[in-house]
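Taken together, the values in this text are just the output of simple stated rules run on the coordinates, not laboratory data. For clarity, every value in this text was computed on a predicted model and none was experimentally measured. Because the Cβ atoms are built from the backbone with ideal geometry, glycine has one as well, and the counts that use them run over all protein chains shown.
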Amino acid sequence: MQSLSDRELLSIILGEGSAGYSAVETAGRILDAYDGSLPAMARADMTRLRMTEGIGVKRAAVLTAVFELAGRLHRQEAAAPASIRTKDDVTALFAPLLARLPHEEMWALYLSSANGVIEKMRVSQGGVTALVVDYKLIVKRAVEVLASSLIIVHNHPSGVAAPSPEDISITKRIGDAAALFDIGLVDHIIIADGSSYSFRQYGLIK
């Protein structure tokens with residue numbers, strides 16, 4: 001199956017073509033409606049899917065089920081590892097949860113002195129372009145679980161992982177508040193569809 005193209009795999013799910021087109025041709029036309037992007041198709045709701053030429057109500061239900069199963073698989077595979085060693089560990093943990101969301105979410109990853117994962121917790125959920133973040137609650141939870149350090153992770157539905165001025169500002173507030181309790185802010189990682197940005201890697205966290 002790995003050798004098959006996206007349209008060939010989609011044609012297997014569709015089962016047959018429509019309007020005089022073969023299954024593979026129909027799959028190609030459907031993908032073209034989403035600029036060839038499977039993630040874009042997966043983000044589409046049921047209403048948009050069923051209105052896409054070549055899909056309809058029955059196929060929209062099938063595709064929605066397929067994408068939901070894939071999402072559940074990714075979420076289960078994203079169970080917290082025993083410890084966090086690198087930025088890639090964090091990205092692997094959160095990308096399945098955040099990369100394709102149509103809204104922003106921020107999560108906190110609380111770590112022990114040996115970088116063991118104590119807890120991961122969603123600390124804010126917002127709109128397409130903004131979050132309301134209570135940095136005091138983030139640090140309060142770190143104190144409650146006796147974390148030695150924490151990592152902040154959030155997504156950019158726009159697909160651009162670079163930080164905004166607001167991202168930089170809230171990161172400083174979280175870091176300053178955590179330092180009052182001798183808790184280190186290890187990193188703030190922004191995840192977009194296919195890319196990520198590490199504040200530590202780019203010198204925004206020392």
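About the centre of its Cα atoms, the range 12-125 shows a dipole size close to 220 debye [charges on the beta carbon of Lys, Arg (+1) and Asp, Glu (-1) only; nearest 20 debye]. Annotation: extensible slack from GLU16 through ASP176 equals 51.7 nm (criterion: 0.36 nm per residue apart, minus Cα-Cα distance). If you build a Gaussian network model of the chain, linking Cα atoms that sit under 10 Å apart, which residue out of VAL143, VAL57, VAL117 swings the most? The residue that fluctuates most here is VAL57. Between 0 and 90 degrees, the angle of helix 165-179 with respect to the longest Cα principal axis of the chain falls at about 40 degrees.
Here the simple spin-label model places points 7 Å from the Cα toward Cβ, and for LEU4 and LEU101 these points are separated by 3.2 nm.
Name the shape class, rounded, prolate or oblate, that the alpha-carbon gyration tensor gives for the range 80-198, where a ≥ b ≥ c are the square roots of its eigenvalues, rounded holds for a/c under 1.5, and otherwise prolate holds if a/b is larger than b/c and oblate otherwise.
oblate
What you get for the range 6-76, charging only the Cβ of Lys and Arg (+1) and of Asp and Glu (-1), is a dipole of about 320 debye around the Cα centre. To the nearest ten degrees, helix 56-77 and the longest principal axis of the Cα atoms of the chain are 30 degrees apart. Positive contributions from Lys and Arg (+1) and negative ones from Asp and Glu (-1), summed over other residues with Cβ under 12 Å from the Cβ of ILE189, come out at -2. Between (i) 49, 35, 31; (ii) 68, 32, 27; (iii) 48, 41, 25, which entry matches Cα extents along the principal axes in Å as derived from the coordinates of this structure? Calculated Cα extents along the principal axes in Å: the matching label is (ii).
Here, the range 6-70 has an Rg and a Dmax of 10.4, 30 Å when only alpha carbons are counted. By DSSP, the beta bridges lying fully in the chain are antiparallel in about 70 percent of cases. Residue pairs exceeding 20 angstrom between C-alpha atoms, taken from LYS87/LYS120; LYS87/LYS206; LYS120/LYS206: LYS120/LYS206.
For the chain, the 222 nm mean residue ellipticity estimated from helices alone, with every DSSP H stretch of n ≥ 4 adding -39500 (n - 2.57) and the total spread over all residues, rounds to -13500 deg cm²/dmol.
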